[in-house]
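I have placed the structure first, in the form of structure tokens, so that the comments after it can refer back to it.
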Amino acid sequence: MSKLVAPHGGKGLVCALLEGSELEAEKTKAAGLKKIAVSARAKGDLIMLGIGGFSPLDGFMTKADWKGVCENFQMADGTFWPVPITLDVTKNDADAINIGDEIALEADGEIMATMKVTEKYEMTEADKKWECEKVFMGEGEESVDGNFWKIAPEDHPGVIMVMNQNDVNIAGVRYTPGYSLGYSP
């Protein structure tokens, strides 16, 4: 019996780096898919999803998961999770994607992953502020009497990142995240 601690969530390690003929087939498929440029944050999330670092997640969060994580650190299925893992896209990109579409996610011109889109949901300024307050606002003197919103927009990296996100999130199961479709361990 292994003495290693089991991956979080009870599903084992959820890792999706492809190799060999599977990798080559996915690269060929990805070349013909709609390409969506992702942020540096999303690129990092794709790497973590690909290597199993976000187990048990198998893709970007739905609105129900996002809301549950913000409200009480639990995904819709009750699994503990501390911060939202979401993929923001421009409104134009979201409008060009249908639920069920497969897309290619790219960063710096390099295809990082493919994903089947399961949901699209708008993120208003109020939604972004709510997320920041739930995830980043503490209980110290910097967080009371409106001080959080006087300080955080210029000083808190997480708040700056969330407030600068695009206005639509897409959720979906990713097929081949990792360093890139060309990555080979």
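Every number in this text was worked out from the coordinates using simple rules, so none of it is lab data. Just so it is clear, the structure is predicted and the values come from calculations on it, not from any experiment. Using ideal geometry, Cβ is built from the backbone for each residue, glycine included, and neighbour counts are taken over all protein chains shown.
Here are some notes:
- Options Asp88, Asp65; residue that is part of a strand (DSSP E or B) and out of contact with any Leu (no Cβ under 6 Å at 6 or more places or on another chain): Asp88
- When Val83, Val5 are checked against the criterion of being out of contact with any Gly (no Cβ under 9 Å at 6 or more places or on another chain) and not in a helix (DSSP H, G or I), a single residue qualifies: Val5.
- Index of the failed condition, Met48 passing every other in (1) closer than 21 Å to Ile97 by Cβ; (2) part of a helix (DSSP H, G or I): (1)
- The C-beta contact set for the stretch 61-72 (first residue touching a residue at least 60 places away in the same chain (Cβ under 8 Å) and closer than 15 Å to Ala126 by Cα, second residue crowded, with 19+ Cβ neighbours inside 10 Å and acidic (Asp, Glu), distance under 8 angstrom, 6+ apart or interchain) comprises Trp66/Glu131; Cys70/Glu131.
- Restricting Met75, Met115 to those that are closer than 23 Å to Gly9 by Cα and either in contact with a Lys or Arg (Cβ under 7 Å, 6 or more places away or on another chain) or basic (Lys, Arg) (or both) reduces the list to Met115.
- Selection from the stretch 108-144 of residues that are more than 23 Å from Asp65 (Cα to Cα), surrounded by 19 or more Cβ atoms within 10 Å (Cβ to Cβ) and among the small types (Gly, Ala, Ser): none
- Verdict on Ala25 being over 19 Å from Glu131 (Cβ atoms) and either among the hydroxyl-bearing types (Ser, Thr, Tyr) or in contact (Cβ under 8 Å) with a residue 60 or more places away in the chain (or both): no
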